[in-house]
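Report on one structure; see the data block that follows.
The values are calculated or read from the model by the stated rules, or taken from the named source; none is laboratory data. Small disclaimer: the values here were computed from a predicted structure and weren't measured. Quick reminder, even Gly has a Cβ in these numbers, built from the backbone with ideal geometry, and neighbours come from all protein chains shown. Just the protein is used for accessible areas: all its heavy atoms, side chains included, with ligands, DNA and RNA removed. Shrake-Rupley method; radii C 1.70, N 1.55, O 1.52, S 1.80 Å.
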Amino acid sequence: MSHNTYGHLFRVTTWGESHGPALGCVVDGIPPGIALAEGDIQRWLDKRRPGQSRFTTQRQEPDQVRILSGVFEGNTTGAPISLMIENVDQRSKDYGDIAEKFRPGHADYTYMAKYGVRDYRGGGRASARETAARVAAGALARKVLGDGVCIRGALVQVGEHAIDRSRWNWDEVENNPFWCPDSEMAAVWEPYLDGLRRDGNSVGAVIEVVASGVPAGWGAPIYGKLDADLAAAMMSINAVKGVEIGDGFASARLTGVENADEMRAGPDGKPRFLSNHAGGVLGGISSGQDIVARFAVKPTSSILTPRRTVSVGGAETEIVTKGRHDPCVGIRAVPVGEAMMAAVLADHFLRHRAQCGG
């Protein structure tokens, strides 16, 4: 299986399966001399870790990370950094009933069509379990970016229930199990998701990720656009079906007068923007404003409600997926989106420095 690597100068390869003994990543291109300990990575893995509320899968994984290479006496050496996370709570027997059936909405069929084999135990590489490695890599990316760049994510919509942006409060994100910036909407999501779980159903969601402190100039025109790389990174996350930067698709309803991010002279001699419809990227290059990306996550494919499908042999049948699954996989996608934003920005930071200095 190819294409398990992303990035140019900050280069990440992830490995491992949902029900294998371990998973992890190898990150190449990190400059030497950066202080790094396992705790710097663990804090972000703990955000993504399953089983932290009744609204996520109850699989109990500590997600303890081990640094296997690339660090000496507490600092990066410039060599590839290898990270490993053991799987300790797999229940492969939960998937025995679907070994010969394709889950509708899942990658089961397409993996079989391409490779002639599929790992039905949780989906193998198609499982959201793979994203733990991305979050670990994202922690390294944050170290490369430094404290000047702040990356935060939030869940802004679950099913048809979207937040009220006038109530947006970043402090609320840490106060509820949804990473929701609107406390009133978080209270609505609780009974809604409880009902879906009882019914053996699931629902989709929208996540927003914002990066502040990114200077103007990162990215490149034409084939190295910052927003294009961000879109590809977010789209690569398991279950993501749509990505937008800034106003995204909503900009199609705007006029040129409404969409223009007008500028005035700032006190530091740089332009001061009066709005941010562009999401912090103009012509593929960062403008100095907040980088804003949103992505839509489809409902979890593994559900208890019977669905029509076919078997590996082509027979028509029905399928019910047992086991421990998220009623809304978008909840745990928030730290994953943050990690992918960090990885792309770290890559573009290093590429910008290599070409333009500084």
- Scan of the range 297-338 for residues that are closer than 13 Å to residue 153 by Cα and either open to solvent by 30 Å² or more (accessible area, probe 1.4 Å) or in contact with a Phe, Trp or Tyr (Cβ under 7 Å, 6 or more places away or on another chain) (or both), ordered by number: 331, 334, 335, 337
- Selection count, the range 11-28, where residues are crowded, with 19+ Cβ neighbours inside 10 Å and either within 17 Å of residue 229 (Cβ to Cβ) or of a type outside the set (A, V, I, L, M, F, W, C) (or both): 8
- Is it the case that some residue within the range 243-250 is hydrophobic (A, V, I, L, M, F, W, C), in contact with a His (Cβ under 9 Å, 6 or more places away or on another chain) and buried (at least 20 other Cβ atoms within 10 Å of the Cβ)? no
- Taking the condition at pLDDT 90 or above and not aromatic (Phe, Trp, Tyr), does residue 105 pass? no
- Of the residues in the range 309-333, those that are part of a helix (DSSP H, G or I) and either touching an Asp or Glu at 6+ places or on another chain (Cβ under 9 Å) or basic (Lys, Arg) (or both) come to 332
- Go over the candidates 9, 23 one by one and state the one that is touching a helix residue (DSSP H, G or I) at 6+ places or on another chain (Cβ under 7 Å), aliphatic (A, V, I, L, M) and assigned to a loop (DSSP other than H, G, I, E, B). 9
- Message: I'd like the full set of residues that are assigned to a helix (DSSP H, G or I), small (Gly, Ala, Ser) and either farther than 30 Å from residue 350 by Cα or open to solvent by 20 Å² or more (accessible area, probe 1.4 Å) (or both), limited to the range 99-147.
- Response: 113, 124, 126, 128
- Query: Out of all the residues in the range 228-245, is one or more within 26 Å of residue 336 (Cβ to Cβ) and at pLDDT below 95?
  - Reply: yes
- Would you check if residue 45 is part of a helix (DSSP H, G or I), of a type in the set (A, V, I, L, M, F, W, C) and either open to solvent by less than 20 Å² (accessible area, probe 1.4 Å) or modelled with pLDDT under 95 (or both)? yes
- Query: Would a scan of the range 141-155 turn up a residue that is over 30 Å from residue 34 (Cβ atoms) and out of contact with any His (no Cβ under 7 Å at 6 or more places or on another chain)?
  - Reply: yes
- Which number in (1) in a helix (DSSP H, G or I); (2) out of contact with any strand residue (DSSP E or B) (no Cβ under 8 Å at 6 or more places or on another chain); (3) loosely packed, with under 15 Cβ neighbours inside 10 Å; (4) of a type outside the set (Phe, Trp, Tyr) marks the one condition that residue 196 misses? (3)
- Item | Those residues of the range 108-135 which are modelled with pLDDT of 90 or more, within 29 Å of residue 64 (Cβ to Cβ) and basic (Lys, Arg), in sequence order | 134
